[in-house]
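To start, the structure under review is shown below, and the notes come after it.
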Amino acid sequence: MPSTVTTLSLTDAYLHEVVRRLPARSRADVAQELRGTLADMTDDGVARGLPPEEAERRALEELGDPARLAEDYSPGPHHLIGPAHYHDFLELLRVLVPVLAGLFGGLTLIGRLFEEAGRESLAGYLALSLVPALGAAIQGALMGAGIAVVVYAVVERVEAAEAAERAETGAPEPPAEEPPRWSTAQLPPPRPERDVTVGELVWATIGLSFAFAAPFLLSRPLAREGALAGEPLLDPALWMPWVPLYLLLVAVSWGWELLRFFRRRWSWGLFSVNAVVDLAMAALLITVLRTESVVNPVLRDRGWVGEEFSRIGVAVVVVITVWDLVATFLACRRSIARRG
Amino acid sequence: MEADLEDRDAAPHLQQLRRGTVVLACLLVLDEPRYGYALLRTLGDAGLDVEANTLYPLLRRLETQGLLESDWNTEESRPRKFYRITPRGVRVRDVLEAERLRLHATLSALPRPPRHTED
């Protein structure tokens, strides 16, 4: 009977599609029950005068999409992260992605800048430093996103499993299945708001690391061959006493960033300390620019760096300092005004 | 046409209204053991159109909740799974039935303004 063979295989295919989506322990039972039902439904169809294949097909179509049927059998989280955790997930994502991207990218960039590879030309040197750093930053961002997804997907499943267990072992209790009432005691203690995010601290740290590394990077020889072999960009005579002072100020700036992070909120004291550090740094840089060569005199002799260098340098320092003072002033005033 | 449109508006609400009644119907009927397809036909003959793909998962859920119990009958040519109500199921059924009667009475007794019939 070839027709029986085809209808059987259709049923088998259908049952397989349902059952493979169910927990292993209920598979055989569900399959056997549905098989019996389908046989009964087919018999009814045949009794109404349908050919067996047609009756079987109609029975299967009445049961409908196997995926939907399986979903009805095992309602559970068929999503990765549900509404209960979505917000916390986003918050974790916002921290992890910039932090890991910055960390990976920054560390790679610093490592590459101190490497010898590609030193023959400036473009090659920059490309060999920036491209891997960008790649590492993307990797860090993806890793951060991956960690956030895995953490909350696991939390979601563990909670669903616990709820299912509670439902199954809840036998001795009366059938009232009321969830525990929410009370204000469950409210987490209010967290003081913060003006500064972890991401900002990380970015500031990366920026200041570069500021710290700059004099060392600029003191490395530009080229190994040719007329300028062994000559750095920075005037070697500049080091004492200026560079240690500069490094000290960069370190103090980083200390201030840490202080701002742990204080959480802006204050006028915080603003004043930043203003003092800013002005000290500006005074140092302007003094250096006006009294020292800064760039290697070899380059000045070749006419590569002209007299306008120090004027442009001073203008840049002034603009950046004023900008930072205004920006921190506005941020501080806004934060204090918001608190009333 | 008019009736069709009204049906479409009412369909989702009707579904909501009927959803809980299937559970009650099963619990009311299953004092006597029945297998899924027989139950489906009993309900259908009584005028409750329940889809097979709704009923079977529902029976299994009621079983895991301990409101129904089941036995495989393999004496006949076709093995069938027979469901029967448990003492716990009886308690739930009584609560649901009382609530159904209360709801019926409450809804009928709701104060309503005189109805405008649209022609």
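What follows is calculated from the coordinates using simple rules that are stated; it is not laboratory data. Since the model is a prediction, treat every value here as computed from it, not as a measurement. As a convention, Cβ positions derive from the backbone with ideal geometry for all residues, glycine included, and neighbour counts pool all protein chains shown.
Dipole size in debye (nearest 20) for the stretch B:2-107 around its Cα centre, Lys and Arg Cβ +1, Asp and Glu Cβ -1?
Approximately 520 debye in magnitude.
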For this session: Over the stretch A:2-73, calculate the relative contact order: mean separation of alpha carbon pairs under 8 Å at least 6 apart, over the residue count, as a percent.
Result: 42 percent
Exercise. Using a Gaussian network for chain A with springs between C-alpha atoms less than 10 Å apart, which of these wobbles most: A:ALA214, A:ALA153, A:ALA70?
Worked result: A:ALA70
Problem set entry | MRE, 222 nm, helices only [DSSP H, n ≥ 4, -39500 (n - 2.57), over chain B, to nearest 500] | -21000 deg cm²/dmol
Exercise. Considering only DSSP states other than H, G, I, E and B, which GluC sites (Glu not before Pro) in the stretch A:268-317 qualify as loop sites with at most 10 other Cβ atoms within 10 Å?
Worked result: A:GLU307
Problem set entry | Length added when fully stretched, A:ARG166-A:ALA213, from 0.36 nm per residue minus Cα-Cα | 11.2 nm
Exercise. How well do other chains shield peptide B:64-71, expressed as the mean number of their Cβ atoms within 10 Å of each residue Cβ?
Worked result: 2
Exercise. Suppose R0 equals 25 Å; then what is the FRET efficiency for B:TRP72 and A:ARG20 from their Cβ-Cβ distance, rounded to the nearest 0.05?
Worked result: 0.65
Exercise. All other residues with a Cβ under 14 Å from the Cβ of A:ARG333 taken together, and with Lys, Arg as +1 and Asp, Glu as -1, what is their net charge?
Worked result: +3
Problem set entry | Virtual spin-label span in nm between B:LEU28 and A:VAL151, 7 Å along Cα→Cβ | 5.2 nm
Exercise. For chain A, which longest stretch is free of loop sites, where a loop site is one of the chymotrypsin sites (Phe, Trp or Tyr not before Pro) that DSSP puts outside H, G, I, E and B and that has at most 16 other Cβ atoms within 10 Å?
Worked result: A:183-303
Problem set entry | Cα pair distances exceeding 32 angstrom across the protein assembly as shown, given as percent | 65 percent
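Go through the stretch B:17-119 and name the GluC sites (Glu not before Pro) that are in a DSSP coil and have 11 or fewer other Cβ atoms within 10 Å of their Cβ.
Those that pass, being in a loop and sparsely packed, are B:GLU75, B:GLU76, B:GLU118.
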For this session: Answer with one residue from A:PRO66, A:ALA327, A:LEU92: the one whose Cα lies farthest towards the positive end of the charge dipole of chain A, charges on Cβ with Lys, Arg +1 and Asp, Glu -1.
Result: A:ALA327
Exercise. Taking only DSSP H segments of four or more residues, each worth -39500 (n - 2.57), what value at 222 nm results for chain A once the sum is divided by all its residues, to the nearest 500 deg cm²/dmol?
Worked result: -25500 deg cm²/dmol
Seminar exercise, completed: With +1 at each Lys and Arg Cβ and -1 at each Asp and Glu Cβ, the charge dipole magnitude of chain A around its Cα centre, to the nearest 20 debye, comes out at 2060 debye
For this session: Counting other Cβ atoms within 10 Å, keep those with at most 16, restrict to DSSP loop, and tell me which trypsin sites (Lys or Arg not before Pro) in the stretch A:208-282 are left.
Result: A:ARG224, A:ARG264, A:ARG265
Problem set entry | 14 Å beta-carbon shell around B:ASP45, net charge (K/R +1, D/E -1) | 0
Problem set entry | Distance (nanometres) between label positions extended 7 Å along Cα→Cβ at A:ILE312 and B:LEU17 | 8.1 nm
Exercise. Going toward the positive end of the dipole of chain B, with +1 on Lys and Arg Cβ and -1 on Asp and Glu Cβ, which of B:PRO111, B:SER70, B:ALA10 do you reach last?
Worked result: B:SER70
